[in-house]
Amino acid sequence: MSLNVIMGKVSGRMRNLKVKLVKGFSMYKIAPSILSANFAKLGEEVANVIASGADIIHFDVMDNHYVPNLTIGPLVCSAIRPVTQAPIDVHLMVKPVDRIIPDFAKAGANIISFHPEASEHVDRTIGLIQEHGCKAGLVFNPSTPLSYLDHVMDKIDLILIMSVNPGFGGQKFIPSALDKLRSARQKINESGRDIMLEIDGGVNTNNIAEIAKAGCDTFVAGSAVYGAGKDTDPHRYDSIIAALRSELAKAGK
């Protein structure tokens with residue numbers, strides 16, 4: 001066998017390995033939503049879920065106006081910021097949205113995402129988030145078209161696809177979100193930019209691999225994580241985070 005043939009085979013194997021690494025579960029980020037955590041010991045919950053292997057703390061903000069529920073504000077974000085060095089991903093389900101963005105940036109948010117319907121000027125709101133030192137994301141409800149992206153793909157850092165209607169935790173995954181993820185992934189690939197693609201709503205061990213195969217790289221899970229905590233785990237959530245990672249590993253094969 002000639003040296004050129006051998007080198008060609010080695011090169012091919014290296015390419016295959018690189019593809020597997022790119023597609024592998026190590027690129028995936030798990031972002032438990034504190035909406036489902038035990039608020040009586042929130043700092044401990046945040047520390048435990050990160051120690052168990054989660055990557056991001058997802059922070060759901062609802063105003064009983066844009067969505068029919070009322071949750072938490074910048075003071076809670078400020079309180080948990082010293083507890084962890086993990087990124088805090090703030091999802092604003094509020095309208096109007098611009099007024100509260102500086103408050104969350106000051107409170108320690110790393111990523112701030114909002115719904116285009118909640119902003120009078122989407123481009124201006126993205127700029128406001130980034131001017132305050134945070135990454136900016138756009139959030140798409142099940143019935144919100146991705147066409148908003150046509151004018152801001154050169155600016156955003158994250159796309160969040162809602163796989164439930166926003167407002168409450170513990171809802172069932174809406175399957176049509178998979179097609180939306182595929183479309184969003186195509187737009188990201190065509191843009192050539194490094195944009196996170198996140199899913200939120202009904203994510204669990206039964207569907208996370210399928211969601212990953214649709215192009216998602218960041219997974220918000222609330223009740224699926226916090227509802228599966230075990231006192232026998234060193235950090236309470238080790239088993240469920242490991243189970244999610246195991247399913248994600250299947251998506252990379």
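Annotations
- Rg [Å, one decimal], Dmax [Å, integer] - the chain, C-alpha atoms: 19.0, 71
- Cβ-Cβ distance of L42 and S191, R₀ of 30 Å, FRET efficiency by 1/(1 + (r/R0)^6): the value works out to about 0.25.
- Each label point was placed 7 Å from the Cα along the Cα-to-Cβ direction; for E131 and H65 their separation is 2.0 nm.
- Size descriptors for the stretch 104-168, from the alpha-carbon set: Rg then Dmax equal 11.7, 32 Å.
No lab work stands behind these numbers, since they all come straight from the coordinates. Computed from a predicted model, the values in this text were never measured in an experiment. In this analysis, Cβ positions are derived from the backbone assuming ideal geometry, glycine residues included, and neighbour counts consider all displayed protein chains.
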